[in-house]
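The next block holds one structure in the form of structure tokens; read it before the comments.
The values are calculated or read from the model by the stated rules, or taken from the named source; none is laboratory data. The model shown is predicted, which means the values in this text are computed figures rather than measured ones. Cβ atoms come from the backbone with ideal geometry, glycine included; neighbour counts cover every protein chain shown. Side chains included, ligands, DNA and RNA excluded: accessible areas come from the protein's heavy atoms. Shrake-Rupley method; radii C 1.70, N 1.55, O 1.52, S 1.80 Å.
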Amino acid sequence: SKTAYVRTKPHLNIGTMGHVDHGKTTLTAAITKVLAERGSGAFVPFDRIDRAPEEVARGITINIAHVEYETDTRHYAHVDMPGHADYVKNMVTGAAQLDGAILVVSALDGIMPQTAEHVLLARQVGVDHIVVALNKADAVDDGEDTMLADLVELEVRELLTAHGYGGDSAPVVRVSGLRALEGDPRWTASVEALLDAVDTYVPMPERYLDAPFLLPVENVLTITGRGTVVTGAVERGTVRVGDRVEVLGAGVETVVTGLETFGRPMQEAQAGDNVALLLRGMPRDAVRRGHVVAEPGSVVPRRRFTAQVYVLSAREGGRTTPLATGYRPQFYIRTADVVGDVDLGTAAVARPGEQVEMTVELGRETPLEPGLGFAIREGGRTVGAGTVTAVL
Ligand code: GDP
Ligand code: MG
């Protein structure tokens, strides 16, 4: 049988972000290769990361790959997502629960629109620490090319500072995911330097272990002969095999009969862990992405809330026209995607680039609480990012 997960090191969730083709997936594969050679993890090849199984949940295609690895001091779950829309759905809504991020910027290309948008969104969802991988450094390795890399580094530091990340002190490590993947010793060392920067620069986040258990459902699977399994990152609290839980959205109370992390059984999962929960007698079609598994009675789903919202500017990929009371976009809250009516009160309109207070009435009840982050989407793009200020 499978060996149990033993918690020997603190666990953190990180992920790669950045513009398409800047090398996020290559670097992710390279990290697992470098660590596998040190004997702390399994090598996950590019193809296995980039062709993560697709799930289709209520018409949204979700594509997210998780890999796990260990450095000398920490255990990491690392997410890599293929497309920009996947970042919006997973990272921005807090589903990816990043404790820190590796911003991958191609030294050949510099900052591109999705580079800037991911930094903005990371700020909005409370990712407090970003380490920069100035990737493809092998391609700008001599003569005047190194000046190009220096310029890109300056530009990235400015971008971080503009979003409150302290660009002067953030680590910017020149790496080559591709060469490290090929086994080149110099670039293998660059990936090790990047991991050291992540280990030291991203602090261990505060985990709300004493709070009632809550897990937003990311994915639902059926395991033949065992039943229905839901997966996701534990947002707060702890859960043990045998615990009673409530599935909000499904209206079902049941018992956790099995717990796994990365395919290994565990007795107790805690805030920050990426887990699969086997739920007793749970019908497969009763539970969906967007539902929330929680300690029974610990949360009351609501429809109305006030929020502080930043309306993205057109330059950031947002709207070109103001929004007004009566606006009816999609709200991405945790892993849920819910339509909602916007009331701007006396403000009447909010222009792209503005910060605004709004009252929202959702189309269906969802667990809400002050401080919860969300994204506002319209016609397949992000037009706003906000935080719940009060539940009504
Ligand atoms: P993603 O879209 O950000 O995940 O980017 P990929 O990892 O798929 O890489 C995009 C392209 O850049 C591929 O052709 C890679 O081989 C190439 N690439 C990735 N990393 C490096 C690198 O360090 N150096 C060079 N020269 N090319 C790279
Ligand atoms: Mg990729």
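At-a-glance table
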read-out	value
Residue in region 190-205 that is farther than 24 Å from ASN135 by Cβ and part of a strand (DSSP E or B) present	no
ILE102, sole failed condition from (1) within 16 Å of ligand 2 (Cβ to nearest atom); (2) assigned to a helix (DSSP H, G or I)	(2)
Matching entry among TYR310, TYR327 (being touching a residue at least 40 places away in the same chain (Cβ under 8 Å), of a type outside the set (Gly, Ala, Ser) and either farther than 26 Å from PHE213 by Cα or open to solvent by less than 40 Å² (accessible area, probe 1.4 Å) (or both))	TYR310
Boolean, VAL140 is over 30 Å from ILE333 (Cβ atoms), open to solvent by less than 10 Å² (accessible area, probe 1.4 Å), away from ligand 2 (no atom under 16 Å from the Cβ) and of a type in the set (Val, Ile, Thr)	yes
Those residues of region 1-44 which are within 13 Å of ligand 2 (Cβ to nearest atom), open to solvent by 30 Å² or more (accessible area, probe 1.4 Å) and not aliphatic (A, V, I, L, M), in sequence order	ASP21
Of residues in region 236-270 being under 23 Å from ARG364 (Cα atoms) and in contact with a Pro (Cβ under 6 Å, 6 or more places away or on another chain), the one surrounded by the most Cβ atoms within 10 Å (Cβ to Cβ)	LEU248
Top-ranked residue in region 132-175 [being away from ligand 1 (no atom under 16 Å from the Cβ) and among the polar types (S, T, N, Q); ranked as nearest to THR200 (Cα to Cα)]	SER169
Criterion (of a type in the set (Asp, Glu), in a loop (DSSP other than H, G, I, E, B) and within 20 Å of ILE111 (Cβ to Cβ)) met by exactly one of ASP168, ASP210	ASP168
Positions within region 338-354 being open to solvent by 20 Å² or more (accessible area, probe 1.4 Å) and in contact with a Lys or Arg (Cβ under 7 Å, 6 or more places away or on another chain), in sequence order	VAL339, ASP341, PRO352
Of residues in region 110-136 being away from ligand 2 (no atom under 15 Å from the Cβ), open to solvent by 10 Å² or more (accessible area, probe 1.4 Å) and at pLDDT 95 or above, the one nearest to LEU194 (Cα to Cα)	HIS129
